[in-house]
Amino acid sequence: MLPAAVANSAEVEGVRLWRAPDHTRLVFDLDGPAEHKLFTLTNPDRVVIDVSGAKLSTGIEGLPLADTPIAGVRHAVQNNRDLRVVLDLKQRVNPRSFALRRHEQLPDRLVIDLHDGGKVEEKTIEQVQVVSGKREIVVAIDAGHGGEDPGALGPGGLREKDVVLAISRYLQKSIDARPGFVAKLVRTGDYYIPLRDRVKKGRELRADLFVSIHADAFTRKDARGAGVYAVSSRGATSETARFLAQRENESDLIGGAGSLSLSDKDDTLAGVLLDLAMTATMNASLDIGSSVLSSLGSFTHLHKKKVEQANFSVLRNPDVPSILVETGFITNPQEARRLRDPSFQKRMAEKLGDGIVAHFTARPPADSWLAANANRIDRKHRILRGDTLSGIAARYNISVADLKRANGMRTSMIRVGQTLTIPSG
């Protein structure tokens, strides 16, 4: 009969590594839970991980160490029963470790985060550009998932995290090409960022808009179409919205936020402050979402023809308007083929950019370059169901006659999906 320590030993079945801008993440896939200890040694600098009663059943050669603080990885058996892994370092780091229990298709995992040491944190506020004494409108683009968390999976191994990063990069280029706008990527590569940190980055950038890009899954393979979501403090507006919100909020269970507390305020006080701060932000989010949805509707099928609301954690930003865009359902075979296509990704990003720019061109922040140059910029308005020519004219503070003249219209008849040029007032 085997000793209990051996009988209950865990196997390390896989080892993976990701590099983020400020840290390196090393993940051990285990076939069951295991205790571990982590400590550092100096002269030379090393990080040591002891995993109780574990054995390595996979190779650790070939890990992409080039752009990391890790010079090499060694392993040995400690005390005749424990697995010891030693990380030889090129430079000193601040290590942190935590365990993640099995979740859906993912195994038990041991996560080691090596935070870069000795670096001065970049002041993101200095990234905001100023043009002729007026600031640019800042759009924070959040590509969902990443690293340990692949997001939803489509046919042929298509991963949501790859699709949305590609669309986000195209969207950044589209936004940056517009005068008076600048876009910043929250996630610039294949690594994981906890949901709370994504929201924090948007606030640090003093973003005028936080847009989270996704390509999610649903229980039915025939679910299709793009959608736009804003946060709701009182629940979701549809079963689909509730399902997607629950799935996205589980992201921290997959990627791992460790023991990070999600609140440092009394629940009652935090709830009151949040409700007060969120009201105006939620209204702005819905307005921006409507503009984006209108633009997307001219290019691709819409899952819902209105902005939906759900309790997405990544959208709970009290002072930055935030929307989540589902670019399609990756579990739908037809949509998966389109989402894989770079030309579709680029066109999707351009339409997203059109909707964002249209909103801020119509309602520019008072201290922005766009507001200072509003009289020199022709704006665009895409007709939504329920729009009237007189209502559009009133919204932009122009006359119906000027609006008709700018668009060569002889009658007041308009159609859903039509784009009107809004002349300067």
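The values are calculated or read from the model by the stated rules, or taken from the named source; none is laboratory data. None of these values were measured; they are calculated from a predicted model. Using ideal geometry, Cβ is built from the backbone for each residue, glycine included, and neighbour counts are taken over all protein chains shown. Remember, those area values only see protein heavy atoms, side chains included, never the ligands or the DNA or RNA. Shrake-Rupley method; radii C 1.70, N 1.55, O 1.52, S 1.80 Å.
Go through the range 319-346 residue by residue and tally those that are under 30 Å from Thr279 (Cβ atoms) and among the hydrophobic types (A, V, I, L, M, F, W, C). It would help to see each step written out before you state the result.
Here is the first cut: in the range 319-346, the ones under 30 Å from Thr279 (Cβ atoms) are 319-327.
Restricting the remaining residues to those that are among the hydrophobic types (A, V, I, L, M, F, W, C) gives 320, 323-325.
Of the residues in the range 319-346, 4 are under 30 Å from Thr279 (Cβ atoms) and among the hydrophobic types (A, V, I, L, M, F, W, C).
Report those strands (runs of 3 or more DSSP E) wholly inside the range 30-120 carrying at least 3 residues which are surrounded by fewer than 14 Cβ atoms within 10 Å (Cβ to Cβ).
Details: elements: 36-41, 46-51, 54-56, 70-78, 82-89, 93-100, 108-116.
Answer list for the range 30-120: 36-41, 70-78.
How many residues does the range 183-198 hold that are among the β-branched types (Val, Ile, Thr) and open to solvent by 20 Å² or more (accessible area, probe 1.4 Å)? Give the derivation first.
Of all residues in the range 183-198, those among the β-branched types (Val, Ile, Thr) come to 186, 188, 193.
Applying the additional criterion that residues be open to solvent by 20 Å² or more (accessible area, probe 1.4 Å) yields 188.
The qualifying residues number 1.
Any residue in the range 31-46 that's over 16 Å from Arg102 (Cβ atoms): show its pairings with residues that are open to solvent by 70 Å² or more (accessible area, probe 1.4 Å) at Cβ separation under 6 Å, as long as the two are six or more apart or on different chains.
So the pair list comes out as Asp45/Arg92.
Just give me the residues in the range 299-308 being crowded, with 19+ Cβ neighbours inside 10 Å and either within 13 Å of Ala284 (Cα to Cα) or among the aromatic types (Phe, Trp, Tyr) (or both), in sequence order.
Listed by number, the list holds a single entry, Val307.
For the range 138-169, how many residues are among the hydrophobic types (A, V, I, L, M, F, W, C) and not in a helix (DSSP H, G or I)?
Applying the first criterion (among the hydrophobic types (A, V, I, L, M, F, W, C)) to the range 138-169 yields 138-141, 143, 152-153, 158, 163-167.
Now narrow it down to the ones that are not in a helix (DSSP H, G or I): 138-141, 143, 152-153, 158.
Within the range 138-169, residues that are among the hydrophobic types (A, V, I, L, M, F, W, C) and not in a helix (DSSP H, G or I) number 8.
Within the bounds of the range 372-379, is there any residue that is crowded, with 18+ Cβ neighbours inside 10 Å and not hydrophobic (A, V, I, L, M, F, W, C)?
yes
Looking at Thr411, Thr361, can you tell me which residue is on the phi < 0 side of the Ramachandran plot and in a loop (DSSP other than H, G, I, E, B)? Can you show your working first?
On the way: Thr361 fails: in a loop (DSSP other than H, G, I, E, B).
Residue meeting the stated conditions: Thr411.
Run Leu205 past the list (1) in contact with a strand residue (DSSP E or B) (Cβ under 8 Å, 6 or more places away or on another chain); (2) modelled with pLDDT under 90 and report the number of the one that doesn't hold.
Evaluating Leu205 over (1) in contact with a strand residue (DSSP E or B) (Cβ under 8 Å, 6 or more places away or on another chain); (2) modelled with pLDDT under 90 leaves (2) as the failure.
How many residues are more than 20 Å from Leu315 (Cα to Cα), assigned to a helix (DSSP H, G or I) and in contact (Cβ under 8 Å) with a residue 40 or more places away in the chain if we restrict to the range 170-202?
So the count comes out to 4.
Go through (1) in contact with a helix residue (DSSP H, G or I) (Cβ under 7 Å, 6 or more places away or on another chain); (2) exposed (fewer than 13 other Cβ atoms within 10 Å of the Cβ); (3) of a type outside the set (A, V, I, L, M, F, W, C) one by one and return the number of the condition Glu350 breaks.
Result: Glu350 passes all but (2).
Return the residues of the range 205-219 that are farther than 24 Å from His303 by Cβ, crowded, with 18+ Cβ neighbours inside 10 Å and not small (Gly, Ala, Ser); say none if nothing qualifies.
We begin by selecting, within the range 205-219, every residue farther than 24 Å from His303 by Cβ; these are 205-208.
Within this subset, residues satisfying the condition of being crowded, with 18+ Cβ neighbours inside 10 Å are 205, 207-208.
Selection gives Leu205, Asp208.
Within the range 279-294, can you find the residues that are surrounded by fewer than 23 Cβ atoms within 10 Å (Cβ to Cβ) and closer than 16 Å to Asp387 by Cα?
Selection gives Asp287, Ser290.
Read through the list (1) part of a loop (DSSP other than H, G, I, E, B); (2) touching a residue at least 40 places away in the same chain (Cβ under 8 Å), then give the number of the only condition that Lys306 fails.
Tallying (1) part of a loop (DSSP other than H, G, I, E, B); (2) touching a residue at least 40 places away in the same chain (Cβ under 8 Å), Lys306 fails exactly one: (2).
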